[in-house]
Structures are given as C-alpha cells and as structure tokens.
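S.K.: First, the structure itself, so that you have it in front of you.
The values are calculated or read from the model by the stated rules, or taken from the named source; none is laboratory data. Note that this is a predicted model, so its numbers are computed, not measured. Reconstructed Cβ throughout: ideal geometry from the backbone, glycine too, with neighbour counts over all protein chains shown.
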Amino acid sequence: MSARKPYVGGNWKMNLNGQQAVELASQLADGFTAGDQVQATVFPAFTHLEKVGKALDDKNSPIQLGAQDFYHQPNGAYTGEVSIAMLKDVGASVMLVGHSERRHVIGEPDTLINDKVLAALEAGLEVILCIGEKIEQREADKTHHINTGQLGYGLAGVSDAQMARVTIAYEPVWAIGTGKTATSQDAQETHQVIRQALWFLYNDDIANAVRIQYGGSCKPSNAVELFSQADIDGGLIGGAALKSEDFLAILQAAANSAGVPA
Ligand code: PEP
C-alpha cells in the first residue's frame, strides 16, 4: 500500500452524444462515494463539457471535469482550437496531454506536448501527461528509452512546485483499445523505471509523490491486479470508462488498493 492517493481518469474520447454523456455522468455521480480515497476525473468531448460539469455539480460529485486537449496559446488566429481559458470557463480543471492518439494519429510532437504541459500548469490546472511505447519499439527493446525520453521532453521546464499538479499516465500504445493489457509485472517494471526517471529529473520526494496511472485495456477484471502493484497508482481508462458499472468497479478497485472500501 502506498501513501499516494489512487487516481482514475475516464477518457471518453470522441464518443457519446450529449444526452448519453449527461446520463453517464449522473450515474457515476450516484455511484462514486469514495472521493476521499480516490481522485477521479472524466474527460468528455469539448461539446459535452459544460453539461457534464453541471450534471456532476448538481449531485455535488467529487468527480472532476477534464479536457482531452487544448491549444497552448491564450487566444488568436488558431482556427478550430480551444484555449485553456475557454475550458476553465466551462469548469475543466484537469488537462490531458500527450495521449497516444494525439501523438500518433494527429501527429503532435514532443515540443508541442511540452508547450501544452507548461501552459496548463502556468494556468493553475492539473495535468495528466501520457507516455508510452509502440509495439515495434517494445520489440526492439526500447520501452524504457521511449518512456523516459517522452517523460523528459514533456516535463522540460516544469518546476518542483508544479510537479504537485502533474500525474503521469503510462499507456503502452499497443494496449490501448486493443484488448491487450500489459501484464501487471511488465507494467510495474515500467512504472518503476518511470519513477526512477522522476528521481533523476527531480528528487526523491517528487518521485515518491507523483501518481503514475496505467492505461491500456484496463477493465474491472484486471484492475485489481494492476492497481495492487507498488508503483501503479490507478488508471487512465478508455473503453471501460463508457459504461458506468465498469468504471465504478474500476474506481472501487482503486479504493481497495488504498486499503479503504469505496
Ligand atoms: C486510453 O484511451 O487512454 C485508453 C487507455 O483506452 P482503453 O482503455 O480503451 O485501452
């Protein structure tokens, strides 16, 4: 059992219509009572943020509202982009940065990811920085090289004090949305290397305090085992975050990993 508060995020990606998003938020608000033991954030599509935020607020839910993406410039001629201030305005307090779909489908480079991390932290928000290797990198024995590299690039210029608002999500790209999960031993080994890298980049206190979530086909049937590992502090959940009973079961597994019933 670690002193770190487990943290579970639900990345809804480009799924659900407005009504479904509100229904899901409302079911989660009804079912999640372990806010003191587990931090929880949901990341709906931009267009649903305001109404999901309202659904959570109406039930006084501790579940936080997060944005899947944003642009780091404050305003201006950036057609199609959404600023941090606009997202704060609709109640988002957590920003997802560096998700593998943004890195590898949309093509975001490490420099942009770093700009986004810095801008979100400067705006006083929390950040979940996602990192993870592709299958060919894993097969070429480059897993740790890729993850520590993405970590170092993503966190360049982030101060010790700002690290209190940073969570890392280790998401092996080959496990995202594929049904393939890293074994809990493999995931633990990589999480341990990421924590060592945080020690190199910062210090012992920060390395021990930062939460490292696992993401990649995490579901109720494997969450207990994954979250019981010493360096796995919860999860970033995609597919299983779209069903309230699955996401609530994962939150319960996180609460149990902290030794406290949800
Ligand atoms: C994710 O999108 O961050 C993710 C982990 O997806 P899934 O749980 O569907 O693999």
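S.K.: Consider residue 136 carefully, then state whether it is out of contact with any strand residue (DSSP E or B) (no Cβ under 8 Å at 6 or more places or on another chain) and within 16 Å of the ligand (Cβ to nearest atom).
M.R.: The answer is no for residue 136.
S.K.: Now for a separate question. Output the qualifying pairs, or none if there are none: Cβ atoms under 7 angstrom, residues six or more apart or on different chains, first residue in the stretch 215-227 and in contact (Cβ under 8 Å) with a residue 40 or more places away in the chain, second residue more than 11 Å from the ligand (Cβ to nearest atom) and assigned to a strand (DSSP E or B).
M.R.: Going by the 7 Å Cβ cut-off, the qualifying pairs are 227/234.
S.K.: Sticking with this structure for a sec: Determine which single condition residue 133 fails, assuming it passes every other condition in (1) touching a residue at least 24 places away in the same chain (Cβ under 8 Å); (2) out of contact with any Cys (no Cβ under 9 Å at 6 or more places or on another chain); (3) not in a loop (DSSP other than H, G, I, E, B).
M.R.: Failing condition for residue 133: (3).
S.K.: May I pose another question? Pick from the stretch 158-188 the residues that are within 10 Å of the ligand (Cβ to nearest atom) and either assigned by TED's automatic domain parsing to the domain that holds residue 5 or polar (S, T, N, Q) (or both): which of them is nearest to residue 148 (Cα to Cα)?
M.R.: 181
S.K.: Right, another one. Which of the residues belonging to the stretch 93-110 are surrounded by 11 or more Cβ atoms within 10 Å (Cβ to Cβ) and either over 14 Å from the mean Cα position of the chain (by Cα) or farther than 22 Å from residue 41 by Cβ (or both)?
M.R.: Hits for the stretch 93-110 are 103, 104, 108, 110.
S.K.: Related question: Quick check on this structure: which one of 216, 234 is within 15 Å of the ligand (Cβ to nearest atom), assigned by TED's automatic domain parsing to the domain that holds residue 148 and either surrounded by fewer than 20 Cβ atoms within 10 Å (Cβ to Cβ) or closer than 13 Å to residue 4 by Cβ (or both)?
M.R.: On the way: 216 fails: either surrounded by fewer than 20 Cβ atoms within 10 Å (Cβ to Cβ) or closer than 13 Å to residue 4 by Cβ (or both).
Of 216, 234, the one residue that is within 15 Å of the ligand (Cβ to nearest atom), assigned by TED's automatic domain parsing to the domain that holds residue 148 and either surrounded by fewer than 20 Cβ atoms within 10 Å (Cβ to Cβ) or closer than 13 Å to residue 4 by Cβ (or both) is 234.
S.K.: Within 19 Å of residue 49 (Cβ to Cβ) and not in a helix (DSSP H, G or I): does that describe residue 158?
M.R.: no
S.K.: Another question, if that's okay. Please count how many residues of the stretch 189-230 are under 20 Å from residue 100 (Cβ atoms), in a helix (DSSP H, G or I) and not hydrophobic (A, V, I, L, M, F, W, C).
M.R.: Count: 4.
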